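See structure below.
The values are calculated or read from the model by the stated rules, or taken from the named source; none is laboratory data. No experiment lies behind these values; they were computed from the predicted model shown. Note: ideal-geometry Cβ built from the backbone for every residue, glycine included; neighbour counts use all protein chains shown. Protein only, heavy atoms only, side chains kept; ligands, DNA and RNA dropped before computing areas. Shrake-Rupley method; radii C 1.70, N 1.55, O 1.52, S 1.80 Å.
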Amino acid sequence: MTNEASSISAPLPALATGGVRTVLRLEGLAALVIATAAYFTGGGTLWLFAVLFFAPDISFAAYTVNSRVGAAAYNVAHSYVSAALLAGAGWLLGAELLVHLALILAAHIGFDRTLGYGLKYAAGFSHTHLGPVGKSRKG
């Protein structure tokens, strides 16, 4: 058995449930609202926000390679760390566009977290740190 196959079939760690899951989803909503407000308060344009809001979801295409690559690409594109690094680079370089892109990314991540889409495990797209999504979700 390859490492990839064994890691995919390995049991998943404990997932967020109940009140913890609710708090994590509310944090996502807060991030969505704050990042969106900061973007528009900072002079961001509606057209750029609308065009790029779902751009991080292009990372889904990496699942065509395999679930490990797909999860890694999705997690990089949906991590607040990526948004923070992009914002930091924009701030250090004096590049307002990079800061705006970081705020759009943070808003998108918050939107996804609000809906229950968390960071992915290599076991498959529906296995997230917030619990199962899609058809695998119960109740």
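So here's what we get for this one:
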item: Phe60 vs. criteria modelled with pLDDT under 95 and in contact with a helix residue (DSSP H, G or I) (Cβ under 8 Å, 6 or more places away or on another chain); result: yes
item: Matching residues, the stretch 47-81, being outside any helix (DSSP H, G or I) and open to solvent by 60 Å² or more (accessible area, probe 1.4 Å); result: Phe54, Val65
item: Subset of the stretch 82-93 (residues that are crowded, with 18+ Cβ neighbours inside 10 Å, among the small types (Gly, Ala, Ser) and within 17 Å of Gly110 (Cα to Cα)); result: Ala83, Ala87
item: Failed criterion for Gly43 (all others in (1) part of a helix (DSSP H, G or I); (2) of a type in the set (Gly, Ala, Ser); (3) at pLDDT 95 or above hold); result: (1)
item: Leu119 being surrounded by 13 or more Cβ atoms within 10 Å (Cβ to Cβ) and touching a residue at least 24 places away in the same chain (Cβ under 8 Å); result: yes
item: Unmet requirement for Arg25, which otherwise passes all of (1) open to solvent by less than 50 Å² (accessible area, probe 1.4 Å); (2) at pLDDT below 95; (3) in contact with a helix residue (DSSP H, G or I) (Cβ under 8 Å, 6 or more places away or on another chain); result: (1)
